[in-house]
Amino acid sequence: MLFALTLFFSVSGTGTARAHNEGTEIFREVDGPFVIAVRILPLQPLVGRLHLTVTVDLLETGEPVEDARVRVTARHREGEADSQFSPALNIPTERQFYDANFDLEDPGVWDVEVVVESDVGEGSVEAPVSIAQRVRGDSLGIPGTMMFLLVTGALFGGGGWITYTARKKQRIRRERAQRARGT
């Protein structure tokens, strides 16, 4: 079983989400004194979790702005779902990346607005993001299917082994009891 888990994690990745440079850039625009870029994970967003990473660079120098206040709002274009808001926060080790997470439960086109404020000035950009309907089975993929098969095999194999050993011990007890009676 340990081998199976090791195989699963080596195929599926480390399990840590390093979205900063691994996401797909969906837009990059200039507004105010900033160049604002937005990356998304997963590449093809489905209903459910959406991770956005925003980078803010100074237009004149290209240097990252590490102390901005970044707010992200997602609005369903058809107005079928409530708007969602998330502050995009950075972490001390990688201050140039601002992360925001959304839980979008309605498929369709969502307009994502990013508003940036800092001591240098203000800027905002807006871009559409298409959220597809999740289809049963899409979330498994090859690693998920492998893990399902391994867990299922372990459960049935373990149950079979327990049944086998219990019956074997019961048979041995019966044979001992018969020998004891016969002697």
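Data overview
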item: Search result, residues across the range 83-115 that are polar (S, T, N, Q) and in a strand (DSSP E or B); result: GLN84, SER86, ASN90, GLN96, ASN101
item: Residues that are closer than 14 Å to THR53 by Cβ and surrounded by 13 or more Cβ atoms within 10 Å (Cβ to Cβ), drawn from the range 90-115; result: ASN90, GLU94, ARG95, GLN96, PHE97, TYR98, ASP99, ALA100, ASN101, PHE102, VAL112, VAL114
item: Residue in the range 22-54 that is surrounded by the most Cβ atoms within 10 Å (Cβ to Cβ), counting only those that are in a loop (DSSP other than H, G, I, E, B) and not β-branched (Val, Ile, Thr); result: PRO45
item: Filter result for GLU80 (at pLDDT 90 or above, assigned to a loop (DSSP other than H, G, I, E, B) and assigned by TED's automatic domain parsing to the domain that holds ASP119); result: no
item: Filter result for the condition that a residue is more than 30 Å from VAL47 (Cα to Cα) and touching a residue at least 60 places away in the same chain (Cβ under 8 Å), over ALA166, ALA127, ALA154; result: ALA154
item: Any hit, the range 116-126, residues being in the same structural domain as PRO64 (by TED's automatic domain parsing), at positive phi, surrounded by fewer than 18 Cβ atoms within 10 Å (Cβ to Cβ) and not in a strand (DSSP E or B); result: yes
item: Counted residues, the range 12-40 - those being within 19 Å of VAL125 (Cβ to Cβ) and either among the polar types (S, T, N, Q) or at pLDDT 85 or above (or both); result: 17
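The values are calculated or read from the model by the stated rules, or taken from the named source; none is laboratory data. For clarity, every value in this text was computed on a predicted model and none was experimentally measured. As a convention, Cβ positions derive from the backbone with ideal geometry for all residues, glycine included, and neighbour counts pool all protein chains shown.
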